Amino acid sequence: MTTDLIIRDDTDGVAQLTINRPEAMNAMNRSVIDRLNEHLDVIDIDESIDVVIITGAGDKAFVAGADIKELAKRGPLDGLEAYMQRTYDRLGSFSKPLVAAVNGYAFGGGNELALACDIRVGSTNAQFALPEAGLGILPSAGGTQRLPNIVGRGLAADMIITGRRIEAEEARASNLITYLVEPEDLLPTAHKVAQRIRRKGPLAVSLIRQLLIRGGRVDHETGILLERLAQSVLFASPEKQEGTEAFVEKRPADFQSVRHDR
Ligand code: CO8
């Protein structure tokens with residue numbers, strides 16, 4: 001059994017990162033976050049990878065949050081340093097789309113990790129919570145900002161203030177996850193989603209992600225200006241040429257053939 005804190009498996013242009021601390025419910029200590037950043041550094045410039053899947057080892061937990069034993073020793077300056085928050089923010093502007101495959105407890109920083117991914121697939125045993133207030137702290141890895149955007153302010157307030165656990169069915173009904181599947185279908189579904197992304201124009205996908213992530217933070221006029229500018233970039237791209245020609249010629253678009261012209 002590997003002792004690596006994060007296991008990377010590559011299949012067909014997809015890097016699957018498995019957080020591997022099952023004895024601690026995959027809780028994220030400083031070493032796990034450092035390792036995650038190291039993997040992201042490598043994947044960022046790895047041209048063979050188009051999509052990243054993040055999941056947890058074992059069948060109980062995705063990630064049960066920040067490591068509470070480590071948190072217990074931290075002081076106000078550590079709160080400001082916010083290494084977990086900065087890492088998750090990095091996911092938002094990461095060069096490749098991310099899919100979370102949530103295979104059990106997604107608590108605290110684990111819930112926030114899933115929220116920082118573009119698309120969330122959950123298994124029927126997934127559970128979501130932000131129990132921080134019960135520890136006398138708050139979800140400071142983006143939870144107070146991303147959760148209301150995804151599920152609405154009412155449910156976000158309920159989850160964050162009361163710490164209530166959300167089961168998979170409710171998570172699906174409230175859009176916390178987009179796909180709800182049986183545990184054995186979790187990774188196959190996440191890979192299916194990843195391959196669906198891979199069949200789209202990579203530059204288009206990249207610009208769409210930036211618009212979805214940043215567009216919500218600016219006023220409407222600025223948002224639609226960014227949309228027009230991004231579209232204009234795509235209109236000048238070989239991808240758009242290939243995508244539109246393929247439609248006219250009634251064949252699947254081959255974006256791989258034009259990607260090196262970017
Ligand atoms: N940190 C450290 N260890 C953990 C954590 C955790 N978050 N979660 C579980 N573990 C450990 C347990 O201590 C236990 O270890 P040991 O065997 O040595 O006692 C082992 O994992 C197994 O856990 P349990 O025996 O508790 O397993 P159960 O199946 O009974 O319960 C639960 C599983 C429900 C997941 C339970 O372990 C639990 O409630 N865990 C804590 C969840 C939690 O509160 N998470 C939020 C943490 S705070 C956070 O994420 C803040 C993020 C933003 C701030 C960032 C600032 C840097």
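Nothing in this text is a laboratory measurement; each read-out follows from the coordinates by a stated rule. Quantities reported herein were computed from a predicted structural model and do not represent experimental measurements. In this analysis, Cβ positions are derived from the backbone assuming ideal geometry, glycine residues included, and neighbour counts consider all displayed protein chains.
Its relative contact order, with pairs defined as Cα atoms under 8 Å and 6+ residues apart, puts segment 216-262 at 28 percent. Note on V233 and Q195: the extension gain reaches 11.3 nm, defined as 0.36 nm multiplied by sequence separation minus the Cα-Cα distance. In this Cβ point-charge picture (+1 for Lys and Arg, -1 for Asp and Glu), the chain has a dipole of about 480 debye about its Cα centre. Residues of segment 142-167 with the amide nitrogen closer than 15 Å to a label point 7 Å from the Cα of A82, along Cα-to-Cβ, please. Label zone hits: 142-147.
In a reduced charge model with +1 at each Lys and Arg Cβ and -1 at each Asp and Glu Cβ, segment 191-262 shows a dipole moment near 420 debye about its Cα centre.
Considering the dipole of the chain built from charges on the beta carbon (Lys and Arg +1, Asp and Glu -1) around the Cα centre, which of M25, L36, F128 is farthest to its positive end? Projecting each Cα onto the dipole axis, the largest value belongs to F128. Ranking A246, V258, L225 by how far each Cα lies toward the positive end of the dipole of segment 202-258 (charges on Cβ) leaves L225 at the top. Lysines within cross-link reach of K240: Cα-Cα under 21 Å, excluding same-chain residues under 8 positions apart? Candidates past the 8-residue exclusion: K96, K200, K250.
As a rough footprinting exposure proxy, the listed residues D41, D118 were ranked by other beta carbons within 10 Å of their own, and the order from fewest upward is D41, D118. Please say if segment 4-58 is rounded, prolate or oblate, where rounded means a/c under 1.5 for a ≥ b ≥ c the square roots of the C-alpha gyration tensor eigenvalues, and otherwise the choice is prolate for a/b larger than b/c and oblate otherwise? Oblate.
The distance between label points at A133 and E184 comes to 4.0 nm (points 7 Å beyond Cα on the Cα→Cβ vector). Shown is the FRET efficiency for Q210 and K73, computed with R0 = 41 Å from the Cβ-Cβ distance and rounded to the nearest 0.05: 0.65.
Rounded to the nearest 20 debye, the dipole magnitude of segment 43-155 is 400 debye, with +1 charges on Lys and Arg beta carbons, -1 on Asp and Glu beta carbons, and the Cα centre as origin.
Distance between the 7 Å Cα→Cβ label points at D158 and D4: 4.1 nm.
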